[in-house]
Amino acid sequence: MAAKDTGSLRALRRTNSERLLSALMEHGALHRAELARICGLSRTTVSTITADLIAGSVVIEAVGDQVAKAGIDASEVDGRARGFLQANPGAGAAAGLDFTLERVWGHVTDLSGATLASAGVTTARDTPWQERLTAGLTLLDDLLAQTGLDRNALVGVAIGVPGPIDRQSGVVRPSLPGQAWAGVNVSTEFGRQLAVPVLVENNTRLEAVAEFTWGAGRGARDVLYVGLSTGIGSGLLVDGNLHQGGARGGGGEIGHISADPAGAQCPCGNRGCLVQYASLPAVLKTLQLADVDELLASAEAGRPDTVRVLREAGEVTGRVLANICNLLNPERIIVGGELARAGDLVLEPIRATLRRSAMALTRDADVVAAELDLGARAGASGAAALVLRQTDQLVAALLAGAELRPNEAV
Ligand SMILES: [Zn+2]
């Protein structure tokens, strides 16, 4: 048999393995017959290949709850007897690191997306990127150690940073000055330290992926996430796929869409940008409040000036979003960031303005508050989710791992 196992046969087996594993990653638990149908392979081929993948611990027999997750009544099914299979959630780990101005958060999941470890550390505002990178890697190693893993278990890492990433050069190009990662190719720098694929994404887009996967975006396919925070960013998922910002990666900077061409000059060069009216600093400055806690207390107490300023922030946001709805017609708009914690005081004016200003087919987008934690924590979980969405990369990493341990069979 070994003599007949030519290069082309091995290549075919490899291709079929990739196909099977991709199907299990995308669909969850599947019956062997369904797997054969989806992959266009014979039952015999599926049996041969899955035997190898099971021997390599990449695929396991699905048990009741995993079968139930696939939409099948678990009470009627004994996975082992009925031949359901799933990708082994423990065959690897995905990790996300999200860097905000004063914090780095790390999040490690198994291959099913279940959280293995998640924690953050603070960094001083003036910390240079080299020290942030070291802090991030130390945090990652700590989180892996907590779960009994090391970097060899990782199938990929995604990194979140503030500001757009130039897709041509790979360099971070913040819209405003004073950002630690400005001019740095984050993927290259982390790639020097990690022997796995490294993805880099703007942290608001990662919050969007987190909300889409685990928060207020569940069940929707076309989702726009808007973060009303220190700045105003956005993340767009079109038919479930994250839009990466277009030709140069600069798309999605909703905060620098002008809401008033005669408004004040913005550091970006434009006038009357949304960020000048509806960001947390803008609202705090208008109300002469110190921080978000004071703002929320004042909103809770129903102070008229606070209610009015939040309504105006919602209205100006709604006017910008009405234009975006006319262009993209999202099914759901998720509002995150500190200002979303004021709830309907901000959300209702957004909804009312959309109903008034957007076209008939686009004005009924659901406008909902984000459900997940603010900032770096959500960004890091979104980063891990982003890794898990790279099916091709996961499959390659798992098959490479299985080949390194060919006889680790049960
Ligand atoms: Zn601007």
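The values are calculated or read from the model by the stated rules, or taken from the named source; none is laboratory data. Predicted, not measured: the structure shown is a model, and the values here were computed from it. Cβ atoms come from the backbone with ideal geometry, glycine included; neighbour counts cover every protein chain shown. Just so you know, the surface numbers come from the protein's heavy atoms only, side chains and all, with ligands and any DNA or RNA stripped out. Shrake-Rupley method; radii C 1.70, N 1.55, O 1.52, S 1.80 Å.
Screening V196 with (1) assigned to a loop (DSSP other than H, G, I, E, B); (2) under 15 Å from the mean Cα position of the chain (by Cα); (3) touching a residue at least 60 places away in the same chain (Cβ under 8 Å) gives one miss only, at (2). Taking region 87-101 as the range and being open to solvent by 10 Å² or more (accessible area, probe 1.4 Å) and either of a type in the set (D, E) or without any contact (Cβ under 8 Å) to a residue 60 or more places away in the chain (or both) as the test, the residues that pass are N88, P89, G90.
Condition test on R205, is it basic (K, R) and open to solvent by less than 30 Å² (accessible area, probe 1.4 Å)?
The answer is yes for R205.
Can you tell me which residue within region 272-301, out of those that are open to solvent by less than 40 Å² (accessible area, probe 1.4 Å) and outside any helix (DSSP H, G or I), is nearest to the ligand (Cβ to nearest atom)? For region 272-301, the residue satisfying everything is C273. Each residue in region 253-266 was checked for being among the acidic types (D, E) and more than 10 Å from the ligand (Cβ to nearest atom), and 1 pass.
This table checks each residue for (1) under 23 Å from L199 (Cβ atoms); (2) among the charged types (D, E, K, R); (3) assigned to a loop (DSSP other than H, G, I, E, B).
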| site | (1), (2), (3) |
| --- | --- |
| V309 | no, no, no |
| E315 | no, yes, no |
| N323 | no, no, no |
| I333 | no, no, no |
| A340 | no, no, no |
| E348 | no, yes, no |
| D364 | no, yes, yes |
| L386 | yes, no, no |
| L394 | yes, no, no |
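The lone criterion from (1) surrounded by fewer than 20 Cβ atoms within 10 Å (Cβ to Cβ); (2) of a type in the set (A, V, I, L, M); (3) modelled with pLDDT of 95 or more; (4) closer than 24 Å to L399 by Cβ left unmet by A117 is number (4). Among the residues of this structure, T213 counts as one that is under 15 Å from the mean Cα position of the chain (by Cα), over 14 Å from D98 (Cα atoms) and open to solvent by 40 Å² or more (accessible area, probe 1.4 Å).
Of all residues in region 262-275, those that are on the phi > 0 side of the Ramachandran plot have Cβ atoms under 7 Å from Cβ atoms of residues that are more than 8 Å from the ligand (Cβ to nearest atom) and not small (G, A, S), 6 or more apart or on another chain, in G272/D260; G272/P261. Taken together, the residues in region 161-180 that are more than 16 Å from the ligand (Cβ to nearest atom) and touching a Lys or Arg at 6+ places or on another chain (Cβ under 8 Å) amount to 5.
For region 253-266, a residue qualifies if it is in a strand (DSSP E or B) and under 19 Å from A313 (Cβ atoms), and exactly one does: S258. Residues of region 192-218 that are among the small types (G, A, S) and either at pLDDT 95 or above or in contact with a Leu (Cβ under 7 Å, 6 or more places away or on another chain) (or both): A208, A210, G215, A216, G217. Taken over region 218-231, the residue count meeting the criterion of being open to solvent by 10 Å² or more (accessible area, probe 1.4 Å) and either on the phi > 0 side of the Ramachandran plot or within 16 Å of the ligand (Cβ to nearest atom) (or both) is 4.
From S381, S357, grab the single residue that is more than 30 Å from A23 (Cα to Cα) and not basic (K, R).
None of the others qualify; the one that does is S357.
When you go through (1) out of contact with any Gly (no Cβ under 8 Å at 6 or more places or on another chain); (2) open to solvent by 40 Å² or more (accessible area, probe 1.4 Å); (3) under 25 Å from V320 (Cα atoms); (4) away from the ligand (no atom under 16 Å from the Cβ) one by one for H243, which number turns out not to apply? All conditions pass for H243, except number (1). Among residues of region 245-261 that are modelled with pLDDT of 95 or more, those with a Cβ under 9 angstrom from a residue that is within 13 Å of the ligand (Cβ to nearest atom) and among the basic types (K, R), sequence gap 6+ or separate chain, pair up as S258/R271. Just one of the listed residues (V335, V309, V320) is outside the structural domain of V161 (by TED's automatic domain parsing), open to solvent by less than 40 Å² (accessible area, probe 1.4 Å) and within 16 Å of the ligand (Cβ to nearest atom), namely V320.
Within the set G269, G250, the sole residue that is surrounded by fewer than 21 Cβ atoms within 10 Å (Cβ to Cβ) and either in a strand (DSSP E or B) or within 11 Å of the ligand (Cβ to nearest atom) (or both) turns out to be G269. All of D98, D52 fail the test of being at pLDDT 85 or above, over 23 Å from R151 (Cβ atoms) and of a type in the set (D, E, K, R), apart from D52. Filter region 102-113 down to the residues that are part of a strand (DSSP E or B) and free of Cβ contacts under 8 Å to residues at least 24 places away in the same chain and list them by number. The answer is D110, and nothing else.
Residues in region 351-385 that are farther than 17 Å from A216 by Cα and either surrounded by fewer than 24 Cβ atoms within 10 Å (Cβ to Cβ) or more than 12 Å from the chain's Cα centre (by Cα) (or both): A352, T353, L354, R355, R356, S357, A358, M359, A360, L361, T362, R363.
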